[in-house]
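To keep things clear, I will list the structure first and then write my remarks on it.
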Amino acid sequence: MSDTNQERSDQGPATVERRKLARGSALSFVGSATSALLGFVLTIVISRLLGADGAGIVFQATGVFAVIMAFAKFGMDSTSVYLLPRLLIDDPRAVRGAINASLCISLAVGIVLVAVMEVLAPWIWGEGQEGLLRSVQAIMLFVPFGAAFLILSAVLRALGSVVEYVMVANVAVPVLRPPFVAITAVATGSAVVASVAWAVPLVIMALVAGMLVLRRVRGVEEGVPGPFFPEKEQWREIWTFSIPRTIAAGLEQAIVWVDVLLIGWLASDYAAGIYGGASRFVQAGLLVDAALRVIVSPRFSALLHKGEMSQLKELYVTASSWLVLLGTPAYVLLAFFSPAFLQLLGDEFVDGSAALSILAVGMAITFLAGNIHSMLIMSGRSGWAAANKFIVLITNIVGNLLLVPRFGIEGAAFVWALCMVLDACLALVQVRVFLRITPSAIDVLQPLLIVVGSFGLPALVAVPTVGNSFAGLAVTLAVGGVLYIAACWWQRRPLRIDGLRSIANRRR
């Protein structure tokens, strides 16, 4: 037996899963990092060219769009990630029918929702909110295209087309948005037109994603096309999974955006713009979570379908450790240097520094749960996920109504952070009950301590001595980076970095 074959035979299932995770996550991380960077650029473009008031209108309009689109896609993106990996195992010819069913359902629901919103919008945003009203009515027309884009992107993920998914979802759309918005903002100075420009790339890339999916489906079918629509039993499976997931996805987007919308209602477009700018930094910091989720969700579904629970737990623990290790540094830096980051948007946005710090701490705590939501959903318990989102949304709304009038955007930030932690805790309990999977505290606390020690301690020294500026941030990154790399190398076995190292070895 050759050395290579011997090496392969010595690899256990857990090692293979870690290396699959690492290979996929490397590319997905690059795509998510690109998306996050361009998300920063887009936020800067909107804020600098339109000011806090104009940015507030755009953030609110795109927030309404995101919530309605979450309902319009009718859970078909998650259904595709859940169902298609199983069909590839059991009946590849059924893939075409499942995809067509998902798109048709979403199209019908989307058209109905757009019509309803066009009628209701004048009642919701009345006198004094004409700019926001026109923005919402204009951007609603793009909802069916956005829903189709998300579903087709999810299909690429589910069929294993990570490269195509990353290029379409994480690169192409974020690349197109900043120039589209910048050109329209400079030419017209209108928040309404800028909102439309934000949505146009979804139409373009929905067409591109559709062509890529068609090519992939033909490859799966191997020259023998499957039925155009699924059989009755598969229809039932699609509906059973998608209905609660629709509710969960809609509630999830509502949780993300309700604070911005409530601030605009309770305070002003200006306050919504300040808070929206701060919260966009936090959303952009989710790149590691997004990169890992792209890879682990289909793997969770496949492993659960095959009943390989030990590999499932190992994959979850590894992904959770990596999420904390790679994702938390951004939030430590955002918490300490929030004024410096917000200065990028303009002097008026620095008023959101305290809110940004609160949001960053909340997200760092939430990361300790790992990709727990993906685990719960891929186990087929989307109804429980929907119930969790409902509880969290009610908590969010009540909390904002109580705290925003008294504490302003800082109160909204505290409520949002609390809701994220609550959502993660609910999912953790349910996964423990249903799947008997519980992460060990040491698996997530150890990487957290490394991150906080590496970047938090230098920041505590840099802020009072160098200043809360990009100079202080640079010092923290330089010192913290050395400490971080040294700590990761020292603890490479407990941190399961062997999967990451395999990427570098295989690419040499």
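Taken over the range 295-312, the criterion of being assigned to a helix (DSSP H, G or I), more than 21 Å from the chain's Cα centre (by Cα), under 20 Å from F241 (Cα atoms) and of a type outside the set (D, E, K, R) is satisfied by A302, L303, L304, H305.
Among residues that are of a type in the set (F, W, Y), in contact (Cβ under 8 Å) with a residue 40 or more places away in the chain and farther than 30 Å from V67 by Cα, F470 is included.
For every residue, the table says whether it meets (1) of a type outside the set (A, V, I, L, M, F, W, C); (2) modelled with pLDDT of 90 or more; (3) over 18 Å from the mean Cα position of the chain (by Cα).
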{"site": "P174", "(1), (2), (3)": "yes, yes, no"}
{"site": "V181", "(1), (2), (3)": "no, yes, yes"}
{"site": "V196", "(1), (2), (3)": "no, yes, yes"}
{"site": "E221", "(1), (2), (3)": "yes, no, yes"}
{"site": "E233", "(1), (2), (3)": "yes, no, yes"}
{"site": "T240", "(1), (2), (3)": "yes, no, yes"}
{"site": "I247", "(1), (2), (3)": "no, no, no"}
{"site": "A267", "(1), (2), (3)": "no, no, yes"}
{"site": "I274", "(1), (2), (3)": "no, yes, yes"}
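Of note, T79 does not satisfy the criterion of being under 21 Å from the mean Cα position of the chain (by Cα), modelled with pLDDT of 85 or more, under 24 Å from V288 (Cβ atoms) and of a type in the set (S, T, Y).
Evaluated against (1) surrounded by fewer than 19 Cβ atoms within 10 Å (Cβ to Cβ); (2) free of Cβ contacts under 8 Å to residues at least 24 places away in the same chain; (3) of a type outside the set (K, R), G411 falls short on exactly one condition, (1). Across the range 386-443, the number of residues qualifying as in contact with a Cys (Cβ under 7 Å, 6 or more places away or on another chain) and of a type in the set (S, T, N, Q) comes to 2.
Taken together, the criteria place A355 among residues that are buried (at least 23 other Cβ atoms within 10 Å of the Cβ), farther than 19 Å from V451 by Cα and at pLDDT 95 or above. Take the conditions (1) assigned to a helix (DSSP H, G or I); (2) over 27 Å from W489 (Cβ atoms); D289 misses just one of them, which is (2). Given the structure, is D259 more than 21 Å from L107 (Cβ to Cβ), buried (at least 19 other Cβ atoms within 10 Å of the Cβ), charged (D, E, K, R) and within 18 Å of the chain's Cα centre (by Cα)? So D259 fits the description; yes.
Listed here are the residues, each with its yes/no results for (1) among the aliphatic types (A, V, I, L, M); (2) within 22 Å of V350 (Cα to Cα).
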| position | (1), (2) |
| --- | --- |
| L38 | yes, yes |
| G56 | no, yes |
| V64 | yes, no |
| F71 | no, no |
| G75 | no, no |
| T79 | no, no |
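Residues considered: G223, G219. Of these, the only one that is farther than 24 Å from L37 by Cα and either part of a helix (DSSP H, G or I) or among the polar types (S, T, N, Q) (or both) is G219. For the range 113-140, a residue qualifies if it is surrounded by 13 or more Cβ atoms within 10 Å (Cβ to Cβ) and not in a helix (DSSP H, G or I), and the qualifying residues are W125, Q129. Checked against (1) aliphatic (A, V, I, L, M); (2) within 23 Å of I274 (Cα to Cα); (3) crowded, with 20+ Cβ neighbours inside 10 Å, A427 meets all criteria but (2). Beta carbons closer than 7 Å, at least 6 apart along the sequence or on distinct chains, pair a first residue in the range 221-249 that is buried (at least 20 other Cβ atoms within 10 Å of the Cβ) with a second that is aromatic (F, W, Y) and assigned to a helix (DSSP H, G or I) for F241/Y82; T246/F71.
Summed over the range 430-479, residues that are surrounded by 15 or more Cβ atoms within 10 Å (Cβ to Cβ), closer than 19 Å to F300 by Cα and of a type in the set (A, V, I, L, M, F, W, C) total 3. If you go through the range 285-319 and keep only what is surrounded by fewer than 23 Cβ atoms within 10 Å (Cβ to Cβ), within 30 Å of I409 (Cα to Cα) and among the hydrophobic types (A, V, I, L, M, F, W, C), you end up with L286, A290. For the range 255-305, a residue qualifies if it is under 30 Å from S379 (Cα atoms) and among the polar types (S, T, N, Q), and the qualifying residues are Q283, S297, S301. Considering each residue of the range 269-280 in turn, none proves to be farther than 28 Å from S106 by Cβ, free of Cβ contacts under 8 Å to residues at least 60 places away in the same chain and not polar (S, T, N, Q).
Restricting the search to helices (runs of 4 or more DSSP H) fully inside the range 141-197 and requiring at least 3 residues that are farther than 16 Å from L207 by Cα gives 173-188. T188 satisfies every condition listed in (1) under 23 Å from A290 (Cα atoms); (2) surrounded by fewer than 23 Cβ atoms within 10 Å (Cβ to Cβ) except (1).
Okay, residues lined up against (1) among the β-branched types (V, I, T); (2) touching a Gly at 6+ places or on another chain (Cβ under 6 Å); (3) free of Cβ contacts under 8 Å to residues at least 12 places away in the same chain; (4) over 20 Å from L287 (Cα atoms):
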residue: S379; (1), (2), (3), (4): no, no, no, yes
residue: A386; (1), (2), (3), (4): no, no, no, yes
residue: T395; (1), (2), (3), (4): yes, no, no, yes
residue: L402; (1), (2), (3), (4): no, no, yes, yes
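Is there a residue being closer than 22 Å to I255 by Cβ and assigned to a loop (DSSP other than H, G, I, E, B) anywhere in the range 372-394? Yes, some residue in the range 372-394 is closer than 22 Å to I255 by Cβ and assigned to a loop (DSSP other than H, G, I, E, B).
The values are calculated or read from the model by the stated rules, or taken from the named source; none is laboratory data. Source: prediction; values computed, not measured. With ideal geometry, Cβ positions are generated from the backbone for all residues, glycine too; neighbour counts draw on all protein chains shown.
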